[in-house]
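Reading through the structure tokens given below for one structure.
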Amino acid sequence: MPRLLKDLLAKLKIDGYILALFGMVVLASVLPVRGEAATVVGWVVKIAIALLFFLHGAKLSREAVVAGLTHWRLHLTILGFTFVLFPALGLLISRSGLLSPTLSSGMLFLCCLPSTVQSSIAFTSIGRGNVAAAVCAASASNLLGIFLTPVLVGLLMHAHGETGGAWASIRPIIIQLLLPFVVGQLVRPWVGPWIDRHKALVGRVDRGSILLVVYAAFSAAVIDGIWNKVSIPELLLLLVVCIALLAVIMAATMFGSRALGFSKPDEVAIVFCGSKKSLASGVPMAGILFPGPTAGILVLPLMLFHQIQLMACSVIAQRYGARPMDEV
């Protein structure tokens, strides 16, 4: 970025990374990636995420990983926010009458989904949180969500669908996320010192992967006709409801983790792993649980919430990351 532009953004107190995120949304709206290009971008995103997890595996000490794996109190807290508080809020929204029945069902479906994986961990890293615990918690949320989400949807929405094919959903998580992390851990004795000398590299991969995810996800939403499914007033009301939901859950994760006595790095992991919902898991699940055209409109709240959470969390992650180095 040119020095003059950096100085201008600094004077205006505008984060250039936030502008880049908005730029991805605008670019996806004007020039959504499709066809063979979408396939290429999809593979680039997968490679970038795999590289991110490899770098995190190579960066983290074995002691930190063991601590993350055994931090059961933190994991249970995150799962409680994801699969208990979120569905309760979704049920409250669906019964409030604020939204149409279809959009209300979409909000409830959104609240039953697991957390994101890659963006939760990337934001935890940017915010200088407990990355090892975030890797375990976010991965566990996705794995458990394959079974818990259909159960919650069946109980709260009286929907029925096939819940088979779990391995097809688990396999990408293992191959793209856990495997690179494990490989990074295994080669840490050889590449760890080089990673320690180039810490900025991990930060660039964090931010770059999120930009790619935003562009790819919003491109898919635009191609799916996100701007034609609801009226402008309905979209604005849905936007307000999604913002309010995210604000409530982020406040709950932030102040709840403090009330429970977690450290600052643990708080960062809880906030970013416990406040998100996965578009990557949600869209395929909607196709299974709600076959036919219903699935398209039901995932609209998820598409919108997904973009809002990325924008909001990028700001919060930057603020967490800017705290004094000696603050725990």
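The values are calculated or read from the model by the stated rules, or taken from the named source; none is laboratory data. None of the values given here were measured: they were computed from a predicted structure. Note that we place each Cβ from the backbone using ideal geometry, even for glycine, and neighbour counts take in every protein chain shown. Note: accessible area is taken over every heavy atom of the protein model, side chains too, but ligands, DNA and RNA are not part of it. Shrake-Rupley method; radii C 1.70, N 1.55, O 1.52, S 1.80 Å.
Using the Cβ-Cβ distance between Asp224 and Trp190 with R0 set to 35 Å, the FRET efficiency works out to roughly 0.20.
Which order do Glu234, Glu267, Glu36 take when ranked by solvent-accessible area (1.4 Å probe, heavy atoms of all protein chains), largest first? Before the final figure, lay out each step's value.
Numbers: Glu234 75, Glu267 5, Glu36 155 Å².
The residues order as Glu36, Glu234, Glu267, largest area first.
Note that segment 40-57 has calculated 3J(HN,Hα) couplings of 5, 4, x, 5, 4, 4, 4, 5, 5, 5, 4, 5, 4, 6, 5, 5, 5, x Hz, one per residue in order, obtained from phi through the Karplus relation 6.51 cos²θ - 1.76 cosθ + 1.60 (θ = phi - 60°); glycine and proline are x. With the whole protein complex present, Lys199 retains an accessible surface near 130 Å², based on a 1.4 Å probe.
Given a Förster radius of 25 Å and the C-beta distance between Leu31 and Leu98 as r, what FRET efficiency does 1/(1 + (r/R0)^6) yield to the nearest 0.05? Could you put the intermediate results ahead of the total?
On the way: r = 34 Å, r/R0 = 1.36.
Taking R0 as 25 Å, the efficiency between Leu31 and Leu98 is 0.15.
Suppose the chain between Phe147 and Ala312 were pulled fully straight at 0.36 nm per residue; how much longer would it get relative to their current alpha carbon spacing?
56.5 nm
Once the C-beta distance of Arg73 and Leu237 is scaled by a Förster radius of 41 Å, the resulting FRET efficiency is 0.60 to the nearest 0.05.
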